[in-house]
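Remarks on the structure that follows.
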Ligand code: ADP
Ligand code: ASP
Ligand code: MG
């Protein structure tokens with residue numbers, strides 16, 4: 001059994017949906033996880049925000065525009081009158097549902113129900129297309145098995161048991177379709193795994209079923225050495241270890257959802273990144289193997305929206321217990337720390353969720369002085385880096401000689417050197433690292 005996830009651009013038009021059908025139509029047993037058609041979740045977010053702000057009329061205009069696009073997709077996707085009608089009914093039903101929110105009080109609960117429509121639509125359209133093509137398949141609804149607990153972590157036992165129960169209902173089916181991203185929460189409400197979460201869905205399903213492989217199909221030929229949105233000359237990396245992929249995904253490589261590596265790593269299930277437009281390209285294989293030469297730099301990624309917190313006290317390192325007191329404050333406010341650097345009199349940490357920053361600052365100020373820098377970016381360099389004094393750190397720092405560095409973190413793991421810079425220097429930093437750390441043929 002394999003799990004294949006297709007992202008938004010891979011199902012972004014009628015032709016692309018047909019292309020996915022072609023890729024998945026072999027005799028192998030598989031679960032296909034779909035995202036919403038590209039642009040849909042952004043649009044639904046916009047609609048939900050309009051509702052939340054009481055701008056119902058504007059929300060209706062946006063809903064009607066999106067509906068029109070979906071009718072066009074139906075027109076292009078199905079050949080027969082029967083499936084044209086089925087497709088139109090499907091669109092009407094989902095958009096009537098969206099329009100019905102004009103009547104109710106609109107809360108965060110309704111917002112999540114709105115956001116879920118994209119994946120419900122894309123999977124239903126693919127299922128109808130497969131039916132029309134006489135390809136045997138069935139939908140297993142993610143809302144019947146995908147669930148997060150009170151800490152917003154996947155409820156693994158629930159997912160495993162319910163997924164197995166869903167699959168057991170169809171002993172003669174080899175091709176299953178399900179929604180990425182959407183789930184239920186601890187209260188049984190519709191919820192989601194955060195933006196880009198379909199990768200996480202695929203990884204969780206793969207891990208709970210002990211799949212042979214998890215494939216992430218997207219619009220690029222695998223994991224590149226640098227962020228192609230900001231750097232012109234990048235190239236695909238053929239192999240990565242779970243740890244390297246996890247660092248890169250966490251530190252901003254959009255190709256993978258930050259949480260999606262861990263479930264696969266825990267169950268040692270290979271993850272393959274593939275390009276829907278070039279199915280024969282090798283892509284990237286992520287496994288537990290660490291294949292690189294010592295000292296090899298593999299890739300660079302950047303994470304935005306970082307806040308640095310500098311906590312200064314008269315005596316820190318000799319005063320044992322100081323760091324514990326600092327970290328306890330962040331723990332109390334459920335705020336993860338990404339980077340840490342220390343000196344005798346101060347410790348700097350970075351966070352990417354500033355929600356409780358005022359409270360955290362207030363508590364820290366009872367025993368230290370606190371400085372906050374917003375709009376920072378972490379640049380993360382990944383590879384097998386700690387190789388007996390081979391000067392890798394020097395290369396990285398030299399490449400960034402014209403950019404002010406706010407923090408440097410080296411040695412936390414052998415895979416990662418991270419630096420903190422002003423967000424406005426990010427693109428320059430990514431390009432400098434690309435030019436100075438990688439060889440191009
Ligand atoms: P999907 O909709 O299929 O989930 P995403 O847009 O989430 O696709 O992820 C694919 C995109 O990630 C690529 O088009 C690329 O612009 C971006 N990306 C950022 N960093 C990298 C990287 N290191 N390697 C490949 N793609 C990257
Ligand atoms: N449709 C969701 C999003 O746009 C989930 C995903 O694409 O992975 O974030
Ligand atoms: Mg994605």
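Kindly indicate whether any position in region 77-87 is more than 30 Å from residue 135 (Cβ to Cβ) and either away from ligand 3 (no atom under 16 Å from the Cβ) or loosely packed, with under 13 Cβ neighbours inside 10 Å (or both). Walk me through how you get there before you give the answer.
Initial filter on region 77-87 (more than 30 Å from residue 135 (Cβ to Cβ)): none.
No, that holds for no residue.
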| field | Scan of region 343-391 for residues that are modelled with pLDDT of 90 or more, over 17 Å from residue 311 (Cβ atoms) and assigned to a strand (DSSP E or B), ordered by number | value | 375, 377, 378, 379, 380, 381, 382
| query | How many of the residues in region 95-121 are surrounded by fewer than 18 Cβ atoms within 10 Å (Cβ to Cβ) and within 15 Å of residue 71 (Cα to Cα)? | reply | 1
| said: Of everything in region 247-295, what is within 16 Å of ligand 1 (Cβ to nearest atom), part of a helix (DSSP H, G or I) and surrounded by fewer than 23 Cβ atoms within 10 Å (Cβ to Cβ)? Give them in sequence order. | reply: 250
| Filter result (under 13 Å from residue 175 (Cα atoms) and either away from ligand 3 (no atom under 16 Å from the Cβ) or surrounded by fewer than 23 Cβ atoms within 10 Å (Cβ to Cβ) (or both)) within region 1-19 | 1, 2
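Within region 122-132, identify whether any single residue is in contact (Cβ under 8 Å) with a residue 24 or more places away in the chain, surrounded by 14 or more Cβ atoms within 10 Å (Cβ to Cβ), in contact with a helix residue (DSSP H, G or I) (Cβ under 8 Å, 6 or more places away or on another chain) and assigned to a loop (DSSP other than H, G, I, E, B), and answer yes or no.
Looking for residues that are in contact (Cβ under 8 Å) with a residue 24 or more places away in the chain, surrounded by 14 or more Cβ atoms within 10 Å (Cβ to Cβ), in contact with a helix residue (DSSP H, G or I) (Cβ under 8 Å, 6 or more places away or on another chain) and assigned to a loop (DSSP other than H, G, I, E, B), one finds none in region 122-132, hence no.
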| task | Considering only residues that are within 14 Å of ligand 3 (Cβ to nearest atom) and out of contact with any helix residue (DSSP H, G or I) (no Cβ under 7 Å at 6 or more places or on another chain), look in region 251-285 and name the one that is modelled with the lowest pLDDT. | result | 252
| Count - residues of region 388-399 that are surrounded by 15 or more Cβ atoms within 10 Å (Cβ to Cβ) and either within 28 Å of the chain's Cα centre (by Cα) or on the phi > 0 side of the Ramachandran plot (or both) | 1
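Residue-by-condition table, conditions (1) surrounded by 14 or more Cβ atoms within 10 Å (Cβ to Cβ); (2) over 19 Å from the mean Cα position of the chain (by Cα); (3) farther than 16 Å from residue 107 by Cβ:
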{"site": "34", "(1), (2), (3)": "yes, no, yes"}
{"site": "39", "(1), (2), (3)": "yes, no, yes"}
{"site": "42", "(1), (2), (3)": "no, no, yes"}
{"site": "55", "(1), (2), (3)": "yes, yes, no"}
{"site": "59", "(1), (2), (3)": "yes, yes, no"}
{"site": "66", "(1), (2), (3)": "yes, yes, yes"}
| task | Tally the residues that are out of contact with any helix residue (DSSP H, G or I) (no Cβ under 9 Å at 6 or more places or on another chain) and touching a residue at least 12 places away in the same chain (Cβ under 8 Å), restricting the search to region 362-387. | result | 5
| request: List every residue pair whose Cβ atoms sit under 7 Å apart, with the two residues 6 or more apart in sequence or on different chains, where the first one lies in region 243-266 and is in contact (Cβ under 8 Å) with a residue 40 or more places away in the chain and closer than 19 Å to residue 283 by Cα and the second, anywhere, is part of a helix (DSSP H, G or I) and within 12 Å of ligand 2 (Cβ to nearest atom). | output: 256/199; 257/199; 257/200; 260/199; 260/200; 260/203; 264/203
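Yes or no, residue by residue, for (1) part of a loop (DSSP other than H, G, I, E, B); (2) more than 13 Å from ligand 1 (Cβ to nearest atom):
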| site | (1), (2) |
| --- | --- |
| 15 | no, yes |
| 19 | no, yes |
| 28 | yes, yes |
| 32 | no, yes |
| 38 | yes, no |
| 47 | no, yes |
| 54 | yes, yes |
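Among the listed residues 227, 199, identify the single one that is within 16 Å of ligand 3 (Cβ to nearest atom) and not in a loop (DSSP other than H, G, I, E, B).
199
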| task | Read through the list (1) assigned to a helix (DSSP H, G or I); (2) in contact (Cβ under 8 Å) with a residue 60 or more places away in the chain; (3) touching a helix residue (DSSP H, G or I) at 6+ places or on another chain (Cβ under 7 Å); (4) more than 16 Å from ligand 3 (Cβ to nearest atom), then give the number of the only condition that residue 23 fails. | result | (3)
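Matching residues to (1) away from ligand 3 (no atom under 16 Å from the Cβ); (2) more than 27 Å from residue 23 (Cα to Cα); (3) in a loop (DSSP other than H, G, I, E, B):
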{"residue": "166", "(1), (2), (3)": "yes, no, no"}
{"residue": "191", "(1), (2), (3)": "yes, yes, no"}
{"residue": "204", "(1), (2), (3)": "no, no, no"}
{"residue": "208", "(1), (2), (3)": "yes, no, no"}
{"residue": "211", "(1), (2), (3)": "yes, no, yes"}
{"residue": "217", "(1), (2), (3)": "no, no, no"}
{"residue": "231", "(1), (2), (3)": "yes, yes, yes"}
{"residue": "234", "(1), (2), (3)": "yes, no, yes"}
| message | Give me the residue from region 184-239 that is at positive phi and within 14 Å of ligand 2 (Cβ to nearest atom) and, out of that set, surrounded by the most Cβ atoms within 10 Å (Cβ to Cβ). | response | 196
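The values are calculated or read from the model by the stated rules, or taken from the named source; none is laboratory data. What you see is a predicted model, and the numbers here were worked out from it, not measured in a lab. Cβ atoms come from the backbone with ideal geometry, glycine included; neighbour counts cover every protein chain shown.
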